[in-house]
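Comments concern the structure below.
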Amino acid sequence: MNTFIRKKTLIIALVLFTKHINAQNYNDYRDAQAVMLQMNGNVYSEKKLEGAIIALPDNSNQLVVRLQIPYSSINENASEDTATSLPDYHFNLRMKIDSWKIQESLTSGKTFETDGYLTLNHITKLVLVEYAPLPSMTVQDGAFNLNLIIGFNPADFNLGVRDINTRFIIRIGDAPVNRL
């Protein structure tokens with residue numbers, strides 16, 4: 001009976017270990033710093049955001065950008081107590097890229113425009129994205145870095161801003177692209 005229990009425990013441990021290896025954790029990848037610009041007419045403010053993850057899952061042409069935006073960065077009217085007790089906004093962008101064109105353009109300084117699907121505050125909308133590929137230190141392996149500019153209207157995502165003319169731009173510079 002003890003042998004049967006040991007074998008069953010070993011099999012369960014092996015299955016769990018295999019599942020753990022296959023489960024890709026975004027915390028294991030290189031991240032980048034982002035800047036969020038809040039613009040309203042000629043007035044703008046800039047806030048740094050840490051931990052932007054840029055990834056190409058399964059070597060596809062679907063680029064994923066993930067980061068956390070603190071509640072207080074968007075809702076400047078929030079009191080200190082409210083801002084610290086509310087969760088961050090989860091910024092999740094999916095966009096198509098052409099990795100072959102990127103490889104051909106690594107040193108050209110060429111900028112590409114594309115649409116991406118941004119999910120923010122549990123709402124998904126189409127947004128405009130500009131990106132420029134940059135060579136990385138491991139370019140011979142097909143790796144590259146990206147400069148990204150992502151613009152969006154906070155009203156489209158029901159974010160509590162005072163003025164409806166407010167716009168946000170997320171700028172990510174020289175970010176490593178993680179292959180999943």
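Under 8 Å between Cβ atoms, at least 6 apart or on separate chains: pull out the pairs that start in the stretch 102-124 with a residue that is at positive phi and modelled with pLDDT under 90 and end on any residue that is buried (at least 16 other Cβ atoms within 10 Å of the Cβ) and outside any loop (DSSP other than H, G, I, E, B).
These pairs meet every condition: G109/A132.
For the stretch 37-58: of the residues being among the β-branched types (V, I, T) and within 26 Å of N178 (Cβ to Cβ), which is surrounded by the fewest Cβ atoms within 10 Å (Cβ to Cβ)?
Step one: of the stretch 37-58, the residues among the β-branched types (V, I, T) are 43, 53-54.
Those left that are additionally within 26 Å of N178 (Cβ to Cβ): 53-54.
Working: I53: 19, I54: 24.
Here the residue is I53.
Regarding T166, is this residue closer than 20 Å to N75 by Cα and either surrounded by fewer than 19 Cβ atoms within 10 Å (Cβ to Cβ) or under 18 Å from the mean Cα position of the chain (by Cα) (or both)? Give the derivation first.
Working: closer than 20 Å to N75 by Cα: yes; either surrounded by fewer than 19 Cβ atoms within 10 Å (Cβ to Cβ) or under 18 Å from the mean Cα position of the chain (by Cα) (or both): yes.
Criteria met by T166.
Return the only residue of D174, D156 being modelled with pLDDT of 90 or more and over 13 Å from V65 (Cα atoms).
Sole residue among the options that is modelled with pLDDT of 90 or more and over 13 Å from V65 (Cα atoms): D156.
Only one residue in N77, N92 is modelled with pLDDT of 85 or more and closer than 30 Å to G160 by Cα, so which one is that?
Values: N77 fails: modelled with pLDDT of 85 or more.
Residue meeting the stated conditions: N92.
On the given criteria, is L148 surrounded by 18 or more Cβ atoms within 10 Å (Cβ to Cβ) and under 22 Å from N61 (Cβ atoms)?
Details: surrounded by 18 or more Cβ atoms within 10 Å (Cβ to Cβ): yes; under 22 Å from N61 (Cβ atoms): yes.
In short, yes.
The values are calculated or read from the model by the stated rules, or taken from the named source; none is laboratory data. Please read these numbers as outputs of a predicted model, since none were measured by experiment. Don't worry about glycine lacking a Cβ; one is built from the backbone with ideal geometry, like all the others, and counts go over all protein chains shown.
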